[in-house]
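The values are calculated or read from the model by the stated rules, or taken from the named source; none is laboratory data. Keep in mind it's a predicted model, so treat the numbers as computed, not measured. Every residue, glycine among them, receives a Cβ derived from its backbone with ideal geometry; neighbour counts consider all protein chains shown. Just so you know, the surface numbers come from the protein's heavy atoms only, side chains and all, with ligands and any DNA or RNA stripped out. Shrake-Rupley method; radii C 1.70, N 1.55, O 1.52, S 1.80 Å.
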Amino acid sequence: MPYHSILELNGSIKDGLNFMRKVTLRRALNALKVLFSFYYSKWTGKPTQWGVPISVSFEPTTSCNLRCPECPSGLREFTRPTGMLDNGFFRDTVEQLKNDLLYLIFYFQGEPYLNPDFLDMVKYASDRGIYTATSTNAHYLKDENAKRTVESGLDRMIISIDGTTQETYENYRIGGNLEKVIEGAKNVVKWKKELNSKTPHVIFQFLVVKPNEHQLEDVKKLGKEVGVDEVRFKTAQIYDYENDPNNLIPDNQKYSRYIKTENGHTSLKNPLLNHCWKLWHSCVLTWDGLVVPCCFDKDATHQLGDLKKNTFDEIWQGEKYQEFRTSLFRSRSEIDICANCTEGTKVWA
């Protein structure tokens, strides 16, 4: 096994053990209830939910400093308002969820570090024994912010690095500066050592698109040089995949969600099954308190509830949620946010 693979495996084991330390008896029982209710719903065809989410994504902000071509935040194409998650509202919501919630992702749209209270919110959740994670473009990880990040107790940090040269990087991360990304990652790695901290587990995430697919090996080397814990490759969601106007679908089929058919059209590589694990074990909360089914509903068009009007339990077990779960069993292909998605069809996928 290559040396970098051994280091990644070691880092993943440490991250896994850290995650398991967050599991309480109550959280484990809730996870089992969620799992059994998902399978029961599949067998009977009738949506049943016996637990509450294992994982929640909370959106710190819809603002972003970059203009990535397949991101509505970057393109400034939202119909919903741009804003910042309020710290007080965040704390009130966490208090509703903390006993059963295992995993809290500080990301949906936008750049989390633009919210001035972001790291305070991370610490609040971490202090309650919840595994915390975020995804960032790493442009705001100067020395002091990097130190505060490690001190916050953040468990996992995904850094988007979609190129190993500035020319390749800015082809997708429009307006971005690769040097700042690398410097930010190095700052976090440095403060982990300085503070003798095992967290956060730092991941270089490489979104594989046509302009950067020739740099897969290069980013592994860069990750080793910087000292991150893991390098991960991610396939890209292309909204207009039939035409691919930005020429982003990679030639390497291993890293593409799409495939050319015999008649020359482009289609999803994997089948679209009429069920979705995500609707049972997780959900997304927008900065202004809306509850939406998953991260594919980027413009919050499927609003299943409003936390400023109802409690989370009322929404989770409410009529709108049950109707949406029912619609998945009827025909997932008829739901707009599901039509270009093959995630959530397998448990733990």
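Rounded if a/c is under 1.5, else prolate if a/b is larger than b/c, else oblate: which is region 48-143, with a ≥ b ≥ c the root eigenvalues of its Cα gyration tensor?
Since a/c reaches 1.5 and a/b is larger than b/c, the shape of region 48-143 is classed as prolate.
Could you give the Stokes-Einstein D for the chain in µm² per second, using the C-alpha Kirkwood radius, 4 °C, 1.567 mPa s?
In µm²/s, the coefficient rounds to 61.
Could you state the accessible area per residue of region 73-225 in Å², with a 1.4 Å probe and every protein chain left in place?
Averaged over the residues of region 73-225, the accessible area is 41 Å².
Which residue, 20, 121, 157, tops the fluctuation ranking in a GNM of the chain built on C-alpha contacts under 10 Å?
20
Go ahead and set up a Gaussian network model of the chain, Cα springs under 10 Å, then flag whichever of 185, 339, 138 fluctuates most.
Comparing 185, 339, 138 in the GNM, the peak value goes to 339.
Mind running the shape call on region 197-320? Use the C-alpha gyration tensor, a ≥ b ≥ c as the square roots of the eigenvalues: rounded below 1.5 for a/c, prolate if a/b tops b/c, oblate otherwise.
oblate
Using modelled amide H (1.01 Å from N, peptide plane; none on Pro or chain starts), what sits under 5 Å from the amide H of residue 305, excluding residues fewer than 5 places away?
291
Probe radius 1.4 Å, ligands and nucleic acids ignored: give me the carbon and sulfur share of the accessible area of region 27-136 as a rounded percent.
54
Report the Cys residues of the chain lacking a disulfide-compatible partner, meaning no second Cys Cβ under 4.7 Å from their Cβ.
By the Cβ distance rule, which asks for a partner under 4.7 Å, the isolated cysteines are 64, 276, 283, 294, 295, 338, 341.
Could you sort the peptides 49-56, 290-297 by per-residue average Cβ neighbour count (10 Å cutoff), highest mean leading?
With the highest mean Cβ count within 10 Å placed first, the list reads 290-297, 49-56.
Could you give the accessible area per residue of region 258-335, probe 1.4 Å, as a whole number in Å²?
With all protein chains present, region 258-335 gives 47 Å² per residue.
Among bridges DSSP assigns within the chain, what percent are antiparallel (round to 5)?
The antiparallel proportion sits near 25 percent.
Apply the Karplus parameterisation 6.51 cos²θ - 1.76 cosθ + 1.60, with θ equal to phi minus 60°, to every residue of region 156-163 and state each ³J(HN,Hα) to the nearest whole Hz, in sequence, with x for glycine and proline.
Result, rounded to whole Hz: 9, 10, 9, 10, 6, 9, 9, x.
Please compute the net charge surrounding residue 320, taking Lys and Arg as +1 and Asp and Glu as -1 over other residues with Cβ under 15 Å from its Cβ.
-4
Would you mind working out the accessible area per residue for region 15-69, using a 1.4 Å probe, and quoting it in Å²?
48
Per DSSP H run of n ≥ 4, the term is -39500 (n - 2.57); total these for the chain, divide by its residue number, and report the mean residue ellipticity at 222 nm rounded to 500 deg cm²/dmol.
Here the helix-only value at 222 nm equals -11000 deg cm²/dmol.
Report for region 197-275 the percent antiparallel among DSSP-assigned beta bridges with both residues inside it, nearest 5.
Here the share of antiparallel DSSP bridges comes out near 35 percent.
Keeping the other protein chains in place, figure out the carbon and sulfur percent of the accessible area of region 217-321, with a 1.4 Å probe.
Accessible surface attributable to carbon and sulfur in region 217-321 totals 46 percent.
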